[in-house]
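Q: Submitted below is the structure of interest, expressed as structure tokens.
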Amino acid sequence: MNKISAAITAVGAYVPDYVLTNKILETMVDTNDEWITSRTGIKERRILKGEGKGTSYLAIQAANNLLEKANLDPLEIDMVIVATATPDMPVASTAVYTATQIGATNAFAYDLTAACSSFLYGMSTASSYIESGRYKKVLLIGADKMSSIIDYTDRSTCIIFGDGAGAVLFEPNEDGYGFQDEILRSDGVGREFLKIDAGGSILPASHETLNNKQHTVFQDGRTVFKYAVSNMADVSEKIMTRNNLTGDDVSYLIAHQANKRIIDATAKRMKLDEDKVLINIHRYGNTTSATLPLLMSDYENQLKKGDKIIFAAFGGGFTWGSIYLKWAYNS
Ligand code: UT7
């Protein structure tokens, strides 16, 4: 029997309707379209409106989109992972609720959290379950309602993030397509530079933490930027070398969309032509765990069976890594 690899066999996505443009942000904080566009590449982002709607709402829409496109019976799903930095609640898993709502009642489910690398780490987890032969259908969803943890008076963060969700199905493949290799890393030095101070076990919510605005994202952008550029490029270059891939061999880079300049620096180190670098940061901003599957969904029609894809991400923690995968189908 051939070795089992874990292939992505279906993709789904969802972004909310409301579009928060740079122009609208100009009326909210001291910023401007020119600064945001030239420094980040972002033009607009989506925001989930409506009381009572959390990350699971986004995750459910993306999963249902996948189920419909793939004509898949949810009862066949063995496992649901929701990669997220913004779970519905601190306790009671978003993935469990999502799985039940989409009808995946034979599955077990849990959340996986690693800031902007959540989905990349989730790809490793989902693939491992498939490669081991233990499960046949693993649904990996990346979903974040970043607007729920952003201070819209802080121009250093509110211009960057947006809401969204994407989902992929992993299934066994015996023809060599799917997951090939990974380099995953983390470094706790990062916790000082990108964090939410309060609401966890160190500093539980209090009147004081609310007054001090400690429940929203703090980022030392410059420091995070430096680490992101060098680390994401490092692992992407390394995974290419390890798999004897040149820039010509790689079909596409699917990289976390935090800042267009970080993506460009990574692509340069990989010696990739511009048309191989998949981009949607201008439309959605940084959607944290949703970014990689949203890219797969946006470019699904362009991806061909056998394409050699390098995935890369960098996020808070710090967490980062690179995955090499061979695309398994033509849509
Ligand atoms: O996804 C998780 C990982 N996150 C990241 O990878 C994000 C990494 N960091 C970044 O993308 C960038 O650091 C930012 C986009 C956050 C900021 O860009 P920057 O080029 O690093 O700007 P900066 O913080 O060095 O600030 C440059 C100037 C400052 O003014 P002075 O001190 O030079 O007068 C800021 O006050 O730009 C000012 N500034 C702004 N101006 C207009 C900062 N934010 C804004 C803004 N609009 N929104």
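The values are calculated or read from the model by the stated rules, or taken from the named source; none is laboratory data. Bear in mind the structure is a predicted one, so any value in this text is a computation, not a measurement. Virtual Cβ from ideal backbone geometry, glycine too; neighbours counted across all protein chains shown. For the accessible areas, the whole protein counts, side chains as well, though only heavy atoms, and no ligand, DNA or RNA atoms are used. Shrake-Rupley method; radii C 1.70, N 1.55, O 1.52, S 1.80 Å.
Q: Going toward the positive end of the dipole of the stretch 179-326, with +1 on Lys and Arg Cβ and -1 on Asp and Glu Cβ, which of Gln180, Leu303, Ala233 do you reach last?
A: Checked the options; the winner is Ala233.
Q: I've got another one for you. Report the trypsin sites (Lys or Arg not before Pro) located in the stretch 129-202 that are in a DSSP loop and have at most 16 other Cβ atoms inside 10 Å of their Cβ, or state none. Provide the component values of the computation, followed by the final result.
A: On the way: sites: Arg134, Lys136, Lys137, Lys145, Arg155, Arg185, Arg191, Lys195; in loops: Arg134, Lys136, Lys137.
Sparse-neighbourhood loop trypsin sites (Lys or Arg not before Pro): Arg134, Lys136.
Q: Counting other C-beta atoms within 10 Å, and keeping those with at most 14, which DSSP coil trypsin sites (Lys or Arg not before Pro) do you find in the stretch 253-331?
A: Filter output for the stretch 253-331: Lys271, Lys304, Lys305.
Q: Each residue of the stretch 7-23 in turn: what ³J(HN,Hα) in whole Hz from Karplus with 6.51, -1.76, 1.60 and θ = phi - 60°, glycine and Pro shown as x?
A: The phi angles translate into 10, 7, 10, 7, 9, x, 7, 7, 10, x, 6, 5, 9, 9, 8, 4, 4 Hz.
Q: Round to the nearest 0.05 the FRET efficiency obtained for Tyr299 and Arg134 when R0 = 41 Å and r is the Cβ-Cβ distance. Numbers along the way, then the final one.
A: On the way: r = 30 Å, r/R0 = 0.74.
Computed FRET efficiency for Tyr299 and Arg134 comes out at 0.85.
Q: Expressed as a rounded percentage, what relative contact order does the stretch 179-326 have, with Cα pairs under 8 Å and six or more residues apart?
A: Values: 228 pairs, mean separation 54.9, N = 148.
About 37 percent, as a whole number.
Q: Quick check for you: with a 1.4 Å probe and neighbouring chains kept, what is the accessible area per residue of the stretch 176-331, in Å²?
A: Dividing the accessible area of the stretch 176-331 by its residue count gives 46 Å².
Q: Residue by residue through the stretch 269-282, which ³J(HN,Hα) values in whole Hz follow from phi under the Karplus form 6.51 cos²θ - 1.76 cosθ + 1.60 (θ = phi - 60°), with glycine and proline marked x?
A: 4, 7, 6, 9, 5, 4, 6, 9, 9, 7, 10, 9, 4, 4
Q: What ranking, highest mean first, results for peptides 174-182, 53-61 when packing means the other Cβ atoms within 10 Å averaged over each residue?
A: So the peptides 174-182, 53-61, ranked by packing, come out 53-61, 174-182.
Q: So, by mean Cβ neighbours within 10 angstrom, what's the order for 196-209, 86-99 with the highest one leading?
A: For the peptides 196-209, 86-99, the packing ranking is 86-99, 196-209.
Q: Once a ≥ b ≥ c are taken as the square roots of the eigenvalues of the Cα gyration tensor of the stretch 114-236, is the result rounded (a/c under 1.5), prolate (a/b larger than b/c) or oblate (a/b not larger than b/c)?
A: Judged from the Cα gyration tensor, the stretch 114-236 comes out prolate (a/c at least 1.5, a/b above b/c).
Q: Sticking with this structure for a sec: Can you send over the carbon and sulfur percentage of the accessible area for the chain, probe radius 1.4 Å, protein chains only?
A: Details: 6980 of 14440 Å².
C and S fraction of accessible area: 48 percent.
Q: So how strong a dipole does the stretch 179-326 carry about its Cα centre when Lys and Arg Cβ are +1 and Asp and Glu Cβ are -1, to the nearest 20 debye?
A: It works out to roughly 100 debye.
Q: Would you grab the residues whose amide H sits under 5 Å from the one on Gly41? Only those 5+ places off in sequence or on another chain, please, with H modelled 1.01 Å from N.
A: HN-HN under 5 Å from Gly41: Lys260.
Q: May I ask you to derive the relative contact order of the chain, considering only C-alpha pairs under 8 Å and at least 6 residues apart, and to give it as an integer percent?
A: In percent, rounded to a whole number, it is 25.
Q: In this model, which of Lys3/Lys308; Lys145/Lys304; Lys238/Lys305; Lys43/Lys213; Lys137/Lys195 are farther than 29 Å apart at the alpha-carbon? Each step should come with its number before you reach the end.
A: Details: Lys3/Lys308 19 Å; Lys145/Lys304 31 Å; Lys238/Lys305 24 Å; Lys43/Lys213 27 Å; Lys137/Lys195 34 Å.
Pairs exceeding 29 Å: Lys145/Lys304; Lys137/Lys195.
Q: Accessible area per residue of the stretch 5-175 at 1.4 Å probe, in Å²?
A: Per-residue accessible area for the stretch 5-175 comes out at 40 Å².
Q: Now, a different point. Hull surface divided by four, with the convex hull built on the Cα atoms of the stretch 15-94: how many nm²?
A: Values: hull surface 31.1 nm².
Taking a quarter of the hull surface, the average projection is 7.8 nm².
Q: Could I ask something else about it? Plugging the Kirkwood radius over Cα pairs into Stokes-Einstein for the stretch 235-331, at a temperature of 10 °C and a viscosity of 1.306 mPa s, what D comes out in µm²/s?
A: Rounded to a whole number, D works out at 118 µm²/s.
Q: Separate question: Around Gly306, which amide H atoms from residues at least 5 apart in sequence, or from another chain, sit under 5 Å from its own amide H, with H modelled in the peptide plane?
A: Trp327, Ala328, Tyr329
Q: Apply the a/c threshold of 1.5 to the C-alpha gyration tensor of the chain and tell me whether it is rounded, prolate or oblate.
A: Since a/c reaches 1.5 but b/c is at least a/b, the shape of the chain is classed as oblate.
Q: Turning to a different aspect of this structure: Between Ile183 and Asp73, what is the FRET efficiency for a Förster distance of 30 Å, r being their Cβ-Cβ separation, to the nearest 0.05?
A: The value I calculate is 0.25.
Q: Counting only C-alpha contacts under 8 Å and six or more residues apart, can you give the relative contact order of the stretch 112-187 as a whole percent? Write out the running numbers ahead of the final one.
A: Working: 74 pairs, mean separation 23.9, N = 76.
This gives 31 percent for the stretch 112-187.
Q: Right, next: Is any residue of the stretch 155-194 close enough, with backbone N under 17 Å, to a label point placed 7 angstrom from the Cα of Ile4 along the Cα-Cβ axis, and if so, which?
A: 169-180
Q: Calculate for the chain the 222 nm mean residue ellipticity that helices alone would give, adding -39,500 (n - 2.57) per DSSP H run of length 4 or more and normalising by residue count, nearest 500 deg cm²/dmol.
A: -9000 deg cm²/dmol
Q: Viscosity 1.002 mPa s, temperature 20 °C: Stokes-Einstein D of the stretch 5-175 from its Kirkwood Cα radius, in µm² per second? Spell out each step's value before the answer.
A: Details: Rh = 16.8 Å.
Stokes-Einstein gives a translational diffusion coefficient of 128 µm²/s.
Q: Under the rule of at least 5 residues apart or a separate chain, name every residue whose amide H is placed under 5 Å from the amide H of Val277.
A: Residues meeting the amide H criterion: Leu253.
Q: Now a separate question. Whole-Hz Karplus ³J(HN,Hα) for the stretch 311-323, in order, using 6.51 cos²θ - 1.76 cosθ + 1.60 and θ = phi - 60°, x for Gly and Pro?
A: Rounded to whole hertz, the list is 9, 8, 8, 9, x, x, x, 6, 9, 6, x, 9, 10.
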